[in-house]
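Structure, as structure tokens:
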């Protein structure tokens, strides 16, 4: 059910014999009564009196404001426009014509229905507004109410302000989704599983070129009211047809034919194609144009030869048919807008009053260029006139229904109803019946229809009979009335849901009643708005909350039904605590508060609250103590927007606020002194025209169309201020839903959980140095637990409930949560913890992911780690068993989406949940998932589609599944996955490199068999060490690449070290050699055990990189090499360096010690005295001795390594050791017993060599100390 406010209510049909229980999750939909103003009405000053700013007002003004009585006659607009463009002021203001001179329309002239009065076309349906002054009586449930409708979902669409009422709803995709049409042309596709918005598009704003064969006029000056929606399921596609009529409140448009009574018989059509893909659903606008005829008469018909016909009714009642052709898709071009173009209907251009309007030549005026349009995908043939349906009569309504390659058409006038049959390009009239006062006609089946009157409903069927009333072939068809149902009382909307049921909204008591056409029983009431549905939400004083404005997490200002302000906090609102967190306002407005805003005084830096009530009153309060400073009764409708004007080049409006009401009236108030200046009546009109007011001369200048506004803005000197976003909400974590009167929306807070968690973790990890910081940390903990209490669903498992209560300190709360997607907010009404896990896979994934993120944040506090892990494991692995067979497991596609656009905290939680989900999948489910997505892998897509979301999601799903269950995938699938990883990894412009990096970390041992593994490693080296600004992004690719390098170095050490050595010795570029050197230094610090067995080979390559014959390379890497050698010497005892002679000794696992000369970057000689691995080595202080130690042999060797006379004749040869050149100078045996049994890591940490003197050394092995003389 759609409402005039632009929201949608979804109901479930249930069977109950008992009244509905009270549920705490959705507030009552009872409307609020309007309040009468109690303020006095003294005479107001001249509305355009601009005095100097007054001082602080000593008291509260209760002044009631009148609008300035300035009028304009649209018929004199062209002459006034000429005067203004020539620089002359208008001579006088035009008075409105007297009422007695106006001519009323003839009462005898029939009025064509603007749109059907249908529940699925609900512009005429009553919205839940403040117009009903008394709440409805409670519904008395009895045995006759077995089948009732249960309200389970309230959907707030992106556009929900005035002019966005829901006009039509249609099911699509086998009733899995519904398409919702709003007055302004917004089309939204909602899922009937969970009420979430899948996609949305505006059929009126995105202009296309005219289809081939159609001459289209400029539609930008017309104000359309979209009221017709049809869905057609063709063989391989779904086509959606929408149509609009001229808004009845709009004045005649220059774009329309002036001879056609203002163009009221003009309509506009938009045709869209529904694309249902593996990933999502999308709506593409493929054609739009203007036509002469009735908006609700447009329809499609498919002939036997598969051709498509567009059927419509002309303004004079002729039935027209034309063939349309769907053209193939082309690459769409971006829309280009001219400079200064107004792109929103909610703009207030504020003129500079100090700049006089001077005459301009034609060359100086800005000629508005046409909005760039996209190509149309529709070609139309000429229309064929198939005749007049009701000759000489005005057709008031029209409906068509396709059936078995033919289309039945019903049309009616003031006195007749006719049914015709269209087939194969011809129209055949079946019969005409006399009927009067028809309100609407709806087809229920292919051969039956229902006629709606004011007081009854008549059901008919079509039968082919002969003169004796015997059924014969379909030659002579006559209608047969099946039943007449009397309607008790007026109704707001009606829909014939099927051949056996009629659903209508009754006026007054706001109930949904169901009529069973096959039964003689009275209508059955299925649902009714009543206070007893749920528990009302109140403040500590028991007053209902009617509006919110969140300023901080601990400062949420509530506007209440008694006109006062009260302070609350996020924790209190979640717990529904009656404890007051601050002061209440001292003075109240006269009605309930509908909106709240914050402004500031630029001079004093004070902040104030502005609140509007339902009676049109506006009040100012101080933000610190909620003391009222001023109030007025300004409007006849409630306050909708507040805009603060700051620096506007010293204009008269600087320091003022614009208070805009729901009907567009603008009040200008000075903040400093709270002085009301003037009122601009209805400056935002529904006719899409702008009004120009001169605040300096106190005159209304003129009304103008959009292209004239563009000319004025082009001249300069204007400040453009946009309405819509609530810039006054200071806190980025919390937002409210503005400008809706439903109690559940006024009590809803939108929490940015990702940013809230990130900020909370930052506070929790901070070091407390004073009492305030300690208090902030504990307050953060309390907030985390409060938000988590809303996300968790107690009642699924007693043990988990006990863990939450005892270990995490979380108590159950009555606050419910909704779901936000594509700008649409969905509020659920459910008290059963099982139901929220049975809606859809997306909702389950969103909720369990939110729980995971919050539990990770709570784990920052050490005392909650164990409990948080226990709860996380339950929600990740045991929900299916706890919820039951209706459980909807988390959507892997949704989790993949959040991995791409989430923070690191969200990614970690996503990966945990994704891994758990894959572990729980059977082999069959895993294979099915891979087969469904592997055809969308990036390497299989054209170049233009490789960066698409669908391609990236395909690689995410198939890649992680292959990393865990590669045996289930074919060789071709693994090859395609590996190529896709390499494609993203090597593309520097790719947005998804972080995905390729992460997959390399997870499954490099698999991908290396299908792609060039060394090239993958080199790409990771470059990413891990890149310091370019363009490489720094929110995905943090460099950090992910370093983690991948560590993982690959650990799991594929041989290949990794081979690549590392080759790239040090023979790099492709100097930059790459520097990158590899940085990787070596990084690994020494992070993974020394990985490098330890390969230290000799690694140091060989590092030394050779210092080749003095290549000066450029040596100078580029010498700093990095110095750093590497320093890290190696400090980390590995088997390596030592002597600065004086630039000698480097490297001991290996084979017992050999290699001596390098870093001056010449060559290997000098090898000392071979040990038979087992070298544990440590060290130069003496004078550099002439080298001590080598092998803990496995329990032996220490002393070598002479200083320069000697013989080394001049035999360069590179080791010095003579004494008795034999191959034997060490001295051998020292030792025995430390069990202390010699140690791991590699222990050997690196627990063995140290300290030189006491040039020839005296101490060796420490664990706690044993050995002293030797060398």
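The values are calculated or read from the model by the stated rules, or taken from the named source; none is laboratory data. Quick caveat, the model's predicted, so the values are computed rather than measured. Every residue, glycine as well, gets a Cβ built from its backbone with ideal geometry; the counts of neighbours run over all protein chains shown.
Of the conditions (1) touching a helix residue (DSSP H, G or I) at 6+ places or on another chain (Cβ under 9 Å); (2) more than 27 Å from residue 176 (Cα to Cα), residue 801 satisfies every one except a single condition; which number is it?
Against the list (1) touching a helix residue (DSSP H, G or I) at 6+ places or on another chain (Cβ under 9 Å); (2) more than 27 Å from residue 176 (Cα to Cα), residue 801 comes up short only on (1).
Here are some residues: 1084, 1064, 1079, 1011. Which one is touching a helix residue (DSSP H, G or I) at 6+ places or on another chain (Cβ under 6 Å) and part of a loop (DSSP other than H, G, I, E, B)?
Exactly one of 1084, 1064, 1079, 1011 is touching a helix residue (DSSP H, G or I) at 6+ places or on another chain (Cβ under 6 Å) and part of a loop (DSSP other than H, G, I, E, B), namely 1011.
Quick check on residue 874: is it within 22 Å of residue 912 (Cβ to Cβ) and part of a strand (DSSP E or B)? Before you say what the answer is, go through the steps one by one.
Numbers: within 22 Å of residue 912 (Cβ to Cβ): yes; part of a strand (DSSP E or B): no.
So residue 874 fails the test.
Just to check your reading of the model, which residue among 951, 963, 973 is modelled with pLDDT under 95 and buried (at least 22 other Cβ atoms within 10 Å of the Cβ)?
Numbers: 963 fails: buried (at least 22 other Cβ atoms within 10 Å of the Cβ); 973 fails: buried (at least 22 other Cβ atoms within 10 Å of the Cβ).
Exactly one residue qualifies, and that residue is 951.
Does the stretch 512-529 contain at least one residue that is in a loop (DSSP other than H, G, I, E, B), at pLDDT below 65 and surrounded by 15 or more Cβ atoms within 10 Å (Cβ to Cβ)?
Yes.
Here is a list: 917, 868, 846. Which entry is touching a residue at least 24 places away in the same chain (Cβ under 8 Å), outside any loop (DSSP other than H, G, I, E, B) and surrounded by fewer than 22 Cβ atoms within 10 Å (Cβ to Cβ)?
Going through 917, 868, 846 in turn, just one is touching a residue at least 24 places away in the same chain (Cβ under 8 Å), outside any loop (DSSP other than H, G, I, E, B) and surrounded by fewer than 22 Cβ atoms within 10 Å (Cβ to Cβ): 917.
Taking residue 735 and the conditions (1) modelled with pLDDT of 75 or more; (2) farther than 27 Å from residue 689 by Cβ; (3) not in a strand (DSSP E or B), which numbered condition does it fall short on, given that it satisfies the others?
(3)
List the strands (runs of 3 or more DSSP E) that sit entirely inside the stretch 410-485 and contain at least 2 residues that are in contact with a strand residue (DSSP E or B) (Cβ under 6 Å, 6 or more places away or on another chain), surrounded by 14 or more Cβ atoms within 10 Å (Cβ to Cβ) and modelled with pLDDT under 85. Please lay out each step first, then the result.
Working: elements: 416-423, 426-434, 440-445, 448-452, 456-464.
Filter on the stretch 410-485 gives 456-464.
Given the criteria modelled with pLDDT of 90 or more and either assigned to a strand (DSSP E or B) or buried (at least 20 other Cβ atoms within 10 Å of the Cβ) (or both), does residue 556 qualify?
Numbers: modelled with pLDDT of 90 or more: yes; either assigned to a strand (DSSP E or B) or buried (at least 20 other Cβ atoms within 10 Å of the Cβ) (or both): yes.
Spelling it out, residue 556 is indeed modelled with pLDDT of 90 or more and either assigned to a strand (DSSP E or B) or buried (at least 20 other Cβ atoms within 10 Å of the Cβ) (or both).
Can you tell me which residues in the stretch 747-797 are in a loop (DSSP other than H, G, I, E, B), out of contact with any strand residue (DSSP E or B) (no Cβ under 9 Å at 6 or more places or on another chain) and in contact (Cβ under 8 Å) with a residue 40 or more places away in the chain?
792, 793, 796, 797, listed by residue number.
Condition first: part of a helix (DSSP H, G or I), buried (at least 19 other Cβ atoms within 10 Å of the Cβ) and either touching a residue at least 12 places away in the same chain (Cβ under 8 Å) or in the same structural domain as residue 569 (by TED's automatic domain parsing) (or both). Can you find one or more residues in the stretch 804-822 that meet it?
yes
Could you tell me whether any residue of the stretch 1021-1033 is under 30 Å from residue 943 (Cα atoms), under 31 Å from the mean Cα position of the chain (by Cα) and not assigned by TED's automatic domain parsing to the domain that holds residue 1104?
no
Those residues that are in contact (Cβ under 8 Å) with a residue 40 or more places away in the chain and outside any helix (DSSP H, G or I), I need them from the stretch 1099-1132; list them, please.
Result: 1105, 1106, 1107, 1108, 1132.
For (1) surrounded by fewer than 21 Cβ atoms within 10 Å (Cβ to Cβ); (2) modelled with pLDDT of 80 or more, each residue gets a yes or a no:
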site: 642; (1), (2): no, yes
site: 650; (1), (2): yes, no
site: 656; (1), (2): no, yes
site: 668; (1), (2): no, yes
site: 678; (1), (2): no, yes
site: 686; (1), (2): yes, no
site: 697; (1), (2): yes, no
site: 709; (1), (2): yes, yes
site: 714; (1), (2): yes, yes
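So residue 1135 fits all but one of (1) surrounded by 19 or more Cβ atoms within 10 Å (Cβ to Cβ); (2) in contact (Cβ under 8 Å) with a residue 60 or more places away in the chain; what number is the exception?
With (1) surrounded by 19 or more Cβ atoms within 10 Å (Cβ to Cβ); (2) in contact (Cβ under 8 Å) with a residue 60 or more places away in the chain applied to residue 1135, the lone miss is (2).
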